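The values are calculated or read from the model by the stated rules, or taken from the named source; none is laboratory data. Because the structure is a prediction, the values reported are computed rather than measured. Every residue, glycine among them, receives a Cβ derived from its backbone with ideal geometry; neighbour counts consider all protein chains shown. For the accessible areas, the whole protein counts, side chains as well, though only heavy atoms, and no ligand, DNA or RNA atoms are used. Shrake-Rupley method; radii C 1.70, N 1.55, O 1.52, S 1.80 Å.
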Amino acid sequence: MPRTGRLTTAAALLAAISALATACTGRAADSATDDPKADVTLSFWHGWSAPGEVQAIEEGIARFEKAHPNIKVEVTGNMTDDKINQALRAGGDKAPDVVSSFTTDSVGQFCNSRAFADLNPFLHKSGVDKTKVFPKTLLEYTQFKGNQCTLPLLNDAYGLVYNKTAFAAAGITEPPKTWSRFVEVAQKLTKADASGDSYEQVGLMPTFHGYETTPMRLAAQWSPTYFDADGRSNLSRDPAFAKMLTAQKDLVAALGGYEKLERFRSTFGDEWSAEHPFHTGRVAMQIDGEWRAPMAKEAGVGFEIGTAPLPVPDDQAADYGKGYLSGTVVGIASGSKKQNAAWELVKYMTTDTEAVVAFANAIHNVPSTLAALESPDLKVTPELRTFLDIARHPKSGTTPARADGGTYQLTFQDFAYAVEKGGVADITAGLAEVDRQIDTDIAKAE
């Protein structure tokens, strides 16, 4: 599951990119000369911290070391992208050889700054055809301008998790498939509290500060094009963005308005707590990933859980089933002097079907290879099957990698915050300003 939290500020992210690009000149990936059969110790940094997740990593590393007795792996968990960037800038023996990141938004930064080695030569030497191993969308978010500096390590798909018991009580027989029906269902499931000033239950928390509900994940249901053929920001010229923002703003109004919803949301607490508002019945539908249903079951909820793809715009009903995809990525530090050995670890974690399936089963994520998605060893619950289908859907999408990392998404997200509050009179004109800012930030990062 992701541990991305909220994206950092655009200024801080641009500063980190600039510093990393200055420090990381890197080595050519195909010039790695270390002997992968020699005795060696690798340093692997990752971001997982929950006990079950850490155990799953350790079990996977133990299987790798058994298959590669000459390679020992020192594992360091709970590492953020900031810590990773600092270590890569500093270099030396204390820097990691292999790194995983929850933030697919950082891939453009990692590739453009040459902080991570291009994995294409390693794939070629190993005879791995990446287009036959990984789903197309996952390859899109793990490379930048042909530099495959990361590979996918499990996959997150986003859909709708809902309270089937609440649905039945409201006379709703199936999850909504179109946006207009989504609004109707959300309204029907929303109940005021005794005071009338707040909620006993809200059908959905639609604001963009609400956990996994982000502009990028909603926009995916409109199949947008973020950049044109020349690489320029396309938000004001693709009607999908204005349509999504208008639809979300109208949904916020339909459920009581921004201020009332935000007051209610401020009582929710931590997203990863057992007291998540979906678990406690305060929210009937949740935009979330494949991990939410098993987490809710582990919390002992007193209702039946359903999962479904997110609704699509009414004029795209034929595309129902698509969704937003992201996931964890893994790469090899360009400064590592053990790149061939490091590749053995990366290849194992990302392409070995048994390893990918075991990890996916352990932490309730969607597998990241085509073979693992079809493996009979994959533990597929009815809830997980929804997200597997979203991951396979040909029109599921992601946010493209750019040299400024996730800064362009921050700029879009900040604008979306203003729209949902009612602070933007002309959305299309505002998006044109967003385009100009995005183009400026990318030019500075390149």
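Based on the Stokes-Einstein relation at 20 °C and a viscosity of 1.002 mPa s, and on the Kirkwood radius from alpha carbon pairs, the stretch 182-283 is assigned a translational diffusion coefficient of 143 µm²/s.
Based on C-alpha pairs under 8 angstrom that are at least 6 apart in sequence, the chain has a relative contact order of 28 percent.
Using a simple spin-label model with pseudo-atoms 7 Å out from Cα toward Cβ, Ala254 and Ala318 lie 2.4 nm apart.
The distance linking the stretch 416-446 with the stretch 238-307 is 25 Å (Cα centroid to Cα centroid, whole angstrom).
Charge tally for Gly323 (other residues, Cβ to Cβ under 12 Å; Lys, Arg +1; Asp, Glu -1): -2.
Ignoring ligands, DNA and RNA, what percent of the accessible area of the stretch 116-252 is carbon or sulfur (1.4 Å)?
The C+S portion of the solvent-accessible surface of the stretch 116-252 is 50 percent.
In a fully extended conformation the segment linking Ala90 and Ala229 would gain 46.4 nm over its present Cα-Cα distance, using 0.36 nm per residue.
From the Kirkwood radius over Cα pairs of the stretch 86-168, Stokes-Einstein at 25 °C and 0.890 mPa s returns a whole-number translational diffusion coefficient of 163 µm²/s. Residues within the reach of a label modelled at Asp34 (point 7 angstrom out along Cα to beta-carbon, backbone nitrogen below 12 Å), restricted to the stretch 40-80, are 40-44, 71-74.
Given N residues in the stretch 195-237, what is its alpha carbon radius of gyration divided by 2.2 N^0.38 Å?
On the way: Rg = 16.2 Å, N = 43, 2.2 N^0.38 = 9.2 Å.
Ratio of Cα Rg to 2.2 N^0.38 Å: 1.76.
Does the stretch 286-331 come out rounded, prolate or oblate by the C-alpha gyration tensor, with a ≥ b ≥ c the root eigenvalues, rounded set by a/c under 1.5 and, if not, prolate when a/b is larger than b/c and oblate if not? Because a/c hits 1.5 or more and a/b fails to exceed b/c, the stretch 286-331 counts as oblate.
The alpha carbon centroids of the stretch 186-218 and the stretch 329-352 are separated by 43 Å.
If the stretch 248-304 were replaced by its equivalent ellipsoid, with semi-axes equal to the square roots of 5 times the Cα gyration tensor eigenvalues, what would those be, largest first, whole Å? Present the calculation step by step, with values, prior to reporting the outcome.
Numbers: eigenvalues 108, 30, 19 Å².
With the √(5λ) rule applied to the stretch 248-304, the semi-axes are 23, 12, 10 Å.
For the chain, what is the Kirkwood estimate of the hydrodynamic radius, computed as the reciprocal of the mean inverse distance between distinct Cα atoms, to one decimal in Å?
22.6 Å
Stretching the chain fully between Ala168 and Val54 yields a gain of 37.2 nm (0.36 nm per residue, less the alpha carbon separation). Using just its DSSP H runs of length 4 or more, each adding -39500 (n - 2.57), the chain gives a mean residue ellipticity at 222 nm of -12500 deg cm²/dmol after division by all residues. Indicate the gyration tensor shape class of the stretch 32-114 (rounded, prolate or oblate), computed on the Cα atoms with a ≥ b ≥ c the square roots of the eigenvalues: a/c under 1.5 is rounded; otherwise a/b larger than b/c is prolate and the rest oblate. In terms of gyration-tensor shape, oblate.
May I ask for the equivalent-ellipsoid semi-axes of the stretch 239-389, computed as the square root of five times each C-alpha gyration tensor eigenvalue and listed largest first in whole Å? Don't jump to the answer; show the numbers that get you there.
Values: eigenvalues 234, 83, 66 Å².
Value: 34, 20, 18 Å, ordered largest first.
Taking a 28 Å limit on the Cα-Cα distance, which of the listed pairs Lys347/Lys444; Lys125/Lys444; Lys125/Lys337; Lys72/Lys125; Lys145/Lys347; Lys243/Lys322 fall beyond it?
Lys347/Lys444; Lys125/Lys444
By the gyration tensor of its Cα atoms, with a ≥ b ≥ c the square roots of the eigenvalues, what is the shape of the stretch 113-233: rounded for a/c under 1.5, prolate for a/b over b/c, or oblate? Don't skip to the answer; put the middle values down first.
Numbers: a/c = 3.06, a/b = 2.53, b/c = 1.21.
Verdict is prolate for the stretch 113-233.
Between Tyr199 and Asp193, the built amide H atoms are under 5 Å apart, and every one of these is 5 or more places off in sequence or on another chain. A compact globular protein would have a Cα radius of gyration near 2.2 N^0.38 Å; the ratio found for the stretch 326-403 is 1.27.
Placing pseudo-labels 7 Å out from each Cα toward the beta carbon at Asp82 and Thr246 gives an inter-label distance of 4.0 nm.
Here the Karplus curve 6.51 cos²θ - 1.76 cosθ + 1.60, taken at θ = phi - 60°, turns the phi angles of the stretch 381-388 into couplings of 7, x, 5, 5, 4, 4, 6, 4 Hz, with x standing for Gly and Pro. Modelled this way, with points 7 Å down the Cα-to-C-beta line, the labels at Lys297 and Ala432 are 5.2 nm from one another.
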